[in-house]
1. Taking the criterion of being exposed (fewer than 13 other Cβ atoms within 10 Å of the Cβ), at pLDDT 95 or above and either within 19 Å of residue 155 (Cβ to Cβ) or touching a strand residue (DSSP E or B) at 6+ places or on another chain (Cβ under 6 Å) (or both), would at least one residue in the stretch 36-52 satisfy it?
2. Is it fair to say residue 124 is in contact with a strand residue (DSSP E or B) (Cβ under 6 Å, 6 or more places away or on another chain), in a strand (DSSP E or B) and either under 27 Å from residue 83 (Cα atoms) or touching a residue at least 12 places away in the same chain (Cβ under 8 Å) (or both)?
3. Any chance the stretch 83-102 includes a residue that's touching a helix residue (DSSP H, G or I) at 6+ places or on another chain (Cβ under 7 Å) and within 27 Å of residue 51 (Cα to Cα)?
4. Residues of the stretch 140-163 being in contact with a strand residue (DSSP E or B) (Cβ under 6 Å, 6 or more places away or on another chain), in contact (Cβ under 8 Å) with a residue 60 or more places away in the chain and over 26 Å from residue 188 (Cβ atoms), which ones?
5. Evaluate the stretch 127-139: report whether one residue or more is under 19 Å from residue 183 (Cα atoms), touching a strand residue (DSSP E or B) at 6+ places or on another chain (Cβ under 7 Å) and buried (at least 19 other Cβ atoms within 10 Å of the Cβ).
6. Do we find a residue being under 13 Å from the mean Cα position of the chain (by Cα), without any contact (Cβ under 8 Å) to a residue 24 or more places away in the chain and part of a strand (DSSP E or B) anywhere in the stretch 98-108?
C-alpha cells in the first residue's frame, strides 16, 4: 500500500508541474531582438516622371523614444495623380556601431507588419513585399496620389505581432514598435 500511495502522490505531483512549464501567452517577453528604432528613412521614387523623381524623407530621433525631440522630421511632398514606389529603411543609432534593422525585420517578418494610414481621398498605399509566409510586410510599397490637393498626414506604424500575423492582422493587432506621423502635402 505504501508503494501505491507514493506512486499516486508522485504521479499527481508530476501532473501539477506540467502546467507551470507552459509558455505565458498572456504576458509575452518584450521585443528586444531588433533594439530601438531611432531613424526611419523613406525613399520615394517615380521613374515615370521626367526627369526621374526621387526624394528621401527622414524621421530621426537619435536618443530613441522619449527624451529629446527628434532632430529631423521631414514633410512628404507629392504631386497629384501620380504613382510612386517607396522603400522604408530602419536604423538604430543607439547601437555601436549603428545598426541597419531591415535584415532583422525581414528575418522576423512573420511577426512584423507595417500599417500605413492616410486620407484615402488623397493617397492610397499598397504593400508590395511579403514575409516568408507570403503575408504582407510593408518595407516596400506603391503609392497612388489622387486628384485632390492639400495637406493631410501619413502614419507609418510598425506592428509587432508576437504570435504571428495572419490575413486579418492590422493596426489593432500586437503592439507598436514604431509610430511616425508625417505631414503630407499633395500639390501640383
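1. Going residue by residue through the stretch 36-52, those that are exposed (fewer than 13 other Cβ atoms within 10 Å of the Cβ) are 47-48, 50-52.
Right, trim to at pLDDT 95 or above and you get none.
No, because not a single residue in the stretch 36-52 is exposed (fewer than 13 other Cβ atoms within 10 Å of the Cβ), at pLDDT 95 or above and either within 19 Å of residue 155 (Cβ to Cβ) or touching a strand residue (DSSP E or B) at 6+ places or on another chain (Cβ under 6 Å) (or both).
2. Working: in contact with a strand residue (DSSP E or B) (Cβ under 6 Å, 6 or more places away or on another chain): yes; in a strand (DSSP E or B): yes; either under 27 Å from residue 83 (Cα atoms) or touching a residue at least 12 places away in the same chain (Cβ under 8 Å) (or both): yes.
The answer is yes for residue 124.
3. Quick first cut of the stretch 83-102, residues touching a helix residue (DSSP H, G or I) at 6+ places or on another chain (Cβ under 7 Å) only: 89-90.
Pick out the ones that are also within 27 Å of residue 51 (Cα to Cα) and you get 89.
Yes, that holds for at least one residue.
4. First, the residues of the stretch 140-163 that are in contact with a strand residue (DSSP E or B) (Cβ under 6 Å, 6 or more places away or on another chain): 140-145, 149, 151-160.
From what is left, the residues that are in contact (Cβ under 8 Å) with a residue 60 or more places away in the chain are 143-145, 149, 154, 156, 158, 160.
Within the stretch 140-163, 158, 160 qualify.
5. From the stretch 127-139, those under 19 Å from residue 183 (Cα atoms) are none; that's our starting set.
The answer is no; no qualifying residue exists.
6. No, the stretch 98-108 has no match at all.
The values are calculated or read from the model by the stated rules, or taken from the named source; none is laboratory data. Being a predicted model, the structure only gives us computed values, none of them experimental. Positions of Cβ are generated from backbone atoms using ideal geometry, with glycine treated the same way; all protein chains shown enter the neighbour counts.
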